[in-house]
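*Asks:* Could you have a look at this structure, given as structure tokens, before my questions?
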Amino acid sequence: MMHDDKDNLENEAPEEIQTQAAQKAPMDNAAEAELEGVPDHLMSDDNGDDEIAKLTDQLATAKQEILYAQAETQNVRRRLEKDAQDARAYAATGFARDILSVSDNLSRALEAIPDEIKDEEKWKGLITGIEATGRELESVFGKHGIKRIAAMGLPLDPNQHQAMVEIPSADEEPGTVVQEMQSGYMIKDRLLRPAFVGVAKKPD
């Protein structure tokens, strides 16, 4: 009887082992199936670190590019604002240059009046009116940032003066403005019209 029990145990043991092995096999197969979908370069710790470092570099590069784009956008905005300010400030440049001709003609009219006529009572009203018109023009120029360029007695400045003739002079240093043929003007910080001048030179 004991011999039969021993045989039964020997027969039953392999079945239990086989059952346990069969239960473990599907789990091992599932794990292998999951690992099959993972790229080989991620299976290694070193390769994973390299991938993280690469992504970090790409993120830093993207942030830097965004900063550059923001800075460029701000520069463009500032340039547009400056252009708009300049357009408003110098919008009257062409008109002001044309009005200078009116001022020139008034000045020539006053200079052409003989001294004896200026003293006559009947002409004083006309002369006074012309002089008042000239002063009013100068006042309007000042309100719009238009100012006359100083010239007489100053060294020639190519940025503001245009030399038309050289005049021999023993009293003035060569290159000094000794004659002003036409007044020059600035509009704010820009040249509206250069002054036409004569400059001194050493006598022959």
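*Asks:* Estimate the FRET efficiency between Ala163 and Asp86 by the formula 1/(1 + (r/R0)^6), using the beta-carbon distance for r and 30 Å for R0, to the nearest 0.05.
*Replies:* E between Ala163 and Asp86, to the nearest 0.05, is 0.50.
*Asks:* Still on this model: Please list, ordered by chain and number, the residues whose modelled amide H lies under 5 Å from the amide H of Gln182; skip anything fewer than 5 residues away on the same chain.
*Replies:* Phe196
*Asks:* Follow-up. Taking θ as phi - 60°, what are the ³J(HN,Hα) couplings along region 70-75 by the Karplus curve (6.51, -1.76, 1.60), each to the nearest whole Hz, with x for Gly and Pro?
*Replies:* 5, 5, 5, 4, 5, 5
*Asks:* Further, regarding this structure: Got a sec to turn the phi values of region 107-122 into Karplus ³J(HN,Hα) couplings, 6.51 cos²θ - 1.76 cosθ + 1.60 with θ = phi - 60°, whole Hz, x for Gly and Pro?
*Replies:* For region 107-122, the Karplus curve yields 5, 5, 4, 5, 5, 7, 6, x, 4, 5, 6, 4, 7, 6, 4, 5 Hz.
*Asks:* While we're on this one: If packing is taken as the average number of other Cβ atoms within 10 Å across a peptide's residues, how do 169-176, 80-87 rank, most packed first?
*Replies:* By packing density, highest mean first, the sequence is 169-176, 80-87.
*Asks:* Would you mind checking which residues have amide H under 5 Å from Leu192's amide H? H placed 1.01 Å from N; only 5 or more apart, or other chain.
*Replies:* Amide H neighbours of Leu192: Tyr185, Met186, Ile187.
*Asks:* Amide H to amide H under 5 Å from Ile167: which residues, 5+ apart in sequence or cross-chain, H placed 1.01 Å off N in plane?
*Replies:* Val199, Ala200, Lys201
*Asks:* With only alpha-carbon pairs counted, each pair once and no self-pairs, how large is the Kirkwood hydrodynamic radius of region 90-201 in angstroms?
*Replies:* Computed over Cα pairs of region 90-201, the Kirkwood hydrodynamic radius comes out at 15.5 Å.
Where a number appears in this text, it was derived from the coordinates with a stated rule and is not lab data. Since the structure is predicted, the reported quantities are computational estimates derived from the model, not experimental observations. Here Cβ is always computed from backbone atoms with ideal geometry, including for glycine, and neighbour counts include all displayed protein chains.
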